[in-house]
Amino acid sequence: MKKYNHLLFDLDGTLTDPSEGITKCIAYALQHFGIETSDLTALQSWIGPPIKQSLMDIHHFDEAKADLGVEKYRERFAEIGLYENRLFDGIPELLESLKKQDYRLYLATSKPTIFAERILDHFEISSYFDFVGGSCLDDSRPTKAHVIRHVLDETGITDTDKALMIGDRKYDILGGKTFAIDTVGVLYGFGSRPELEQAGATYIVDSIAELEDLLVV
């Protein structure tokens, strides 16, 4: 593997398992529109892409209705769902090892920055990150590519051949490819090998231990 200096990490499904909080908040939002969810695991495929886009794609909401759905989702998430979350085993140790290797670490998440920062603080891993980049509450940074562009602009990264995007869904891989950034797809999150392969991930790993083996000399 070639040498990288800049590591961009996705949050949900890569650093943390947010499935309980996210699925319960989606179910809460859908219930507002009379849509009942009998099995929360059926909502796990929503983890990764922006909630608004999923509402429009899956339930065919128009933009105004999808915006209201996001508002209802955040109503529960901001107070409860944010903390229905767990750090994947081994993540603090991985981040510590990467910092010792002189990598610069950045968060690139579709979650609004204000929520992402609170989650990193909650799990006491904020200090590992040189910059936290997320989406905006006003939907002005709607895709993973927009988030990655924001991280690059705010940190002054111009040597994108030295950057690596790490995430569990095709959106992370495609977002990285938009800027000619190599990518790692992780299979311990919510994406599948076919999804990551089809998106064109540069590397695919099965576990956090394998990710560490890939990155730590």
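Against the chain, whose longest principal axis comes from its Cα atoms, helix 144-155 is set at around 50 degrees. Cβ-to-Cβ counts within 10 Å put HIS150, HIS60 in ascending order as HIS60, HIS150, the fewest first. Here is the size of segment 74-168 from its Cα atoms: Rg then Dmax, 13.9, 40 Å.
Each residue in ASP206, ASP168 was given a count of other beta-carbon atoms within 10 angstrom of its own, and listing them fewest first yields ASP206, ASP168. Between the Cα long axis of helix 113-122 and the first principal axis of the chain there is an angle of about 70°, rounded to the nearest 10.
Distance between the 7 Å Cα→Cβ label points at SER192 and GLU96: 3.7 nm.
Compactness of segment 19-83, taken as the C-alpha radius of gyration over 2.2 N^0.38 Å, stands at 0.98. Can you give the angle from 0 to 90° between the axis of helix 19-32 and the longest principal axis of the chain, with both taken from C-alpha atoms, to the nearest 10? Computed tilt is about 30 degrees.
Entry note, the chain: the mean residue ellipticity at 222 nm calculated from DSSP H runs of n ≥ 4, each adding -39500 (n - 2.57), is -12500 deg cm²/dmol after division by the residues and rounding to the nearest 500. Counted by neighbouring Cβ atoms within 10 Å, the residues VAL151, VAL186 run from fewest to most as VAL151, VAL186.
Cα-based radius of gyration for segment 166-217, normalised by 2.2 N^0.38 Å, reads 1.03. Holding the Cα-Cα limit at 24 Å, pick out from LYS24/LYS99; LYS2/LYS177; LYS99/LYS162; LYS100/LYS177; LYS99/LYS170 the pairs that are longer than that. Cα-Cα > 24 Å for LYS24/LYS99; LYS100/LYS177; LYS99/LYS170; rest within.
For the chain, the relative contact order works out to 25 percent when only alpha carbon pairs closer than 8 Å and six or more residues apart are counted. Here the chain is treated with +1 on each Lys and Arg Cβ and -1 on each Asp and Glu Cβ, and its dipole about the Cα centre works out to around 360 debye. Relative to its residue count, the chain spans a Cα convex hull of 112 Å³ per residue.
None of the figures in this text is laboratory data; all of them are computed from the coordinates on show. Since the model is a prediction, treat every value here as computed from it, not as a measurement. In this analysis, Cβ positions are derived from the backbone assuming ideal geometry, glycine residues included, and neighbour counts consider all displayed protein chains.
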